[in-house]
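Just below is one structure, and these are the notes that go with it.
What follows draws every value from the coordinates through simple rules; no lab data is involved. Here the structure is a predicted model, which means the values were calculated and not measured. Quick reminder, even Gly has a Cβ in these numbers, built from the backbone with ideal geometry, and neighbours come from all protein chains shown.
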Amino acid sequence: MRGRDPETGEFLSPSRSQKRREALDVLALAERLVDLPDRQLAALPMPEDLRDLVRESRRITAQIARKRQLQFLAKAMRREEDDILDAIRSVLDKDRDQSRRETAELHRLESWRERLLEGGDEALAELLDEYPDADRQLLRQLVRNARLEREKQRPPRAFRELFRVLKALAAGEGEIADAPESEAPDFDEEDLEP
């Protein structure tokens, strides 16, 4: 029984529902830990015996046995200090936020690349306003070559190189080196004519 404090009237312990919610949260955390790659698991602040238990849980692939092992892992995690579980959650949430930011940045760069290929000089002018140190001539050449690659259905070398240059600009690298001659797509003079 929970009971109440006679002086304040507050409950002395959490309700069964609250305990169940907390246990399910720990079970969800255990599932996330089992799904992590080794590199990320090694970076987490957790006791080594718990880390070994997570690695052991990965080896089990049969559905019912895996479910039972995850419940066992969650039970072992509930025995740990709350500070340890909070530290694990904060690192995982930080990694998730970092991954979201990186994905958003990649989408933004892909959007720039598409705008350059679709919009022409207006999009290039906007890009140069945002990144004044960018090499205008290199960008124009890459956009032109990427368009030709699309039209002639050639391998997307300039398309990829354009993305690499945009990524370097976003990373703050002022001077962008020209693409090596072996990687730059070669187009004949007849390819450049409309």
Completion exercise
Filtering trypsin sites (Lys or Arg not before Pro) in the stretch 2-52 by DSSP loop and by at most 11 other Cβ atoms within 10 Å leaves ARG2
Handout entry: Gap separating the Cα centres of the stretch 101-129 and the stretch 25-48, nearest whole Å
Key = 37
Handout entry: the chain - mean residue ellipticity at 222 nm from DSSP helices (-39,500 (n - 2.57) per run, n ≥ 4, rounded to 500)
Key = -23000 deg cm²/dmol
Handout entry: Cα-Cα P(r), the stretch 106-150, percent of pairs per 10 Å interval
Key = 29, 61, 10
Fill in the blank from the handout: For the chain, using Cα atoms only, the Rg and Dmax in Å read 27.4, 93
Handout entry: 10 Å-binned pair-distance histogram of the stretch 16-80 (Cα, whole percent)
Key = 21, 54, 22, 2
Exercise for the section: Would you work out the charge dipole size for the stretch 16-80 about its Cα centre, treating the Cβ of every Lys and Arg as +1 and the Cβ of every Asp and Glu as -1, and quote it to the nearest 20 debye? Expected result: 400
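About its Cα centre, how strong a charge dipole does the chain have in debye, to the nearest 20, once Lys and Arg get +1 and Asp and Glu get -1 at the Cβ? Working shown, then result.
Values: 37 positive and 46 negative charges, 426 e Å.
The dipole of the chain has a size of about 2040 debye.
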Problem - Dipole of the chain [Lys/Arg +1, Asp/Glu -1 at C-beta], most positive-end residue of SER57, TYR131, ALA146 - result: SER57
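Mean projection of the alpha-carbon convex hull of the stretch 34-139 over all orientations, in nm²?
Working: hull surface 42.7 nm².
Average projection, Cα convex hull of the stretch 34-139: 10.7 nm².
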